[in-house]
Amino acid sequence: MAAPADSARKFDPARAGEYEVQSRIALAGYDACHELSACMLAAVLGSGGTAEILVAGAGGGAREIVTAGALEPGWRFTAVDPSQPMLDLAAARVREAGLDGRTEIVLGTVDDLPTDRRFDAATLIGVLHHLPGDDAKRAILRSLAGRLRPGAPLILAGNRFAYAGKPLLLKAWGERWRMHGAGPDEVQAKLGKILQGADPPPSEEAVTALLAETGFGPPTGFFSSLFWGAWLAGRV
């Protein structure tokens, strides 16, 4: 899909190098979100069994894989990302966790996977708000739905709400950066960047609508942090 590949260009080597530190500031509860995502999947799939998990947009610290892989030793993962620098970082973290033997690394998009391949679950964490427009968002969700078994769970997590429409949350987000040592100019730069550099769904209702339009049932929310939300939805 062209949109994810285009969006991946901003994740260059410099951004990949700072990702693991900055993502934990930008998202309060970063690790908790990934831990709960793994727990939600285990609650649906059951513990102690085997499963094939598709991790779309896996680039970065590969927390989805590292966390879920530690919880469930029988799960195997396919990590897909169109950014080589971000995928290199993910592969390094997977190796460090001893999960490289259970993880297939794929440079590309979900559409690059065989159309007849089916997974037991999928995750899309921190991706949707980087795709401009609803068409690109629907496209990746449809691609995921097409590669999931009926009833299989999807973990969807990312920013929701139009940033400018939530000035109090936006101000609190800036204060969190200040809490972590950012000066006034840096805070303003980051606020400007988020306002111009991402396109989140405008509401939780919009997230529900996108899922319904692309082959998923009603979502269950399980994590929230300022602009961020996380949901589990089943493939219809």
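For this structure, a couple of remarks:
- When Leu107 is tested against (1) over 22 Å from Gly158 (Cβ atoms); (2) surrounded by fewer than 21 Cβ atoms within 10 Å (Cβ to Cβ); (3) not polar (S, T, N, Q), just one condition goes unmet, and that condition is (1).
Yes or no, residue by residue, for (1) in contact (Cβ under 8 Å) with a residue 60 or more places away in the chain; (2) of a type outside the set (Lys, Arg); (3) open to solvent by less than 30 Å² (accessible area, probe 1.4 Å):
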{"site": "Ala38", "(1), (2), (3)": "no, yes, yes"}
{"site": "Gly48", "(1), (2), (3)": "no, yes, no"}
{"site": "Ala51", "(1), (2), (3)": "yes, yes, yes"}
{"site": "Gly101", "(1), (2), (3)": "no, yes, no"}
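- Apart from one condition, Ala28 fits all of (1) at negative phi; (2) crowded, with 17+ Cβ neighbours inside 10 Å; (3) assigned to a loop (DSSP other than H, G, I, E, B); the exception is (2).
- Selection status of Leu87, of a type in the set (A, V, I, L, M), buried (at least 18 other Cβ atoms within 10 Å of the Cβ) and touching a strand residue (DSSP E or B) at 6+ places or on another chain (Cβ under 9 Å): yes
- Among the residues listed as Arg76, Arg95, the single one being touching a Lys or Arg at 6+ places or on another chain (Cβ under 9 Å) and open to solvent by 20 Å² or more (accessible area, probe 1.4 Å): Arg76
The values are calculated or read from the model by the stated rules, or taken from the named source; none is laboratory data. Keep in mind the model is a prediction, meaning the values are calculated, not measured. Here the Cβ is made from the backbone with ideal geometry for all residues, glycine too, and neighbour counts use every protein chain on show. In case anyone asks, the SASA skips ligands and DNA or RNA and just uses the protein heavy atoms, side chains included. Shrake-Rupley method; radii C 1.70, N 1.55, O 1.52, S 1.80 Å.
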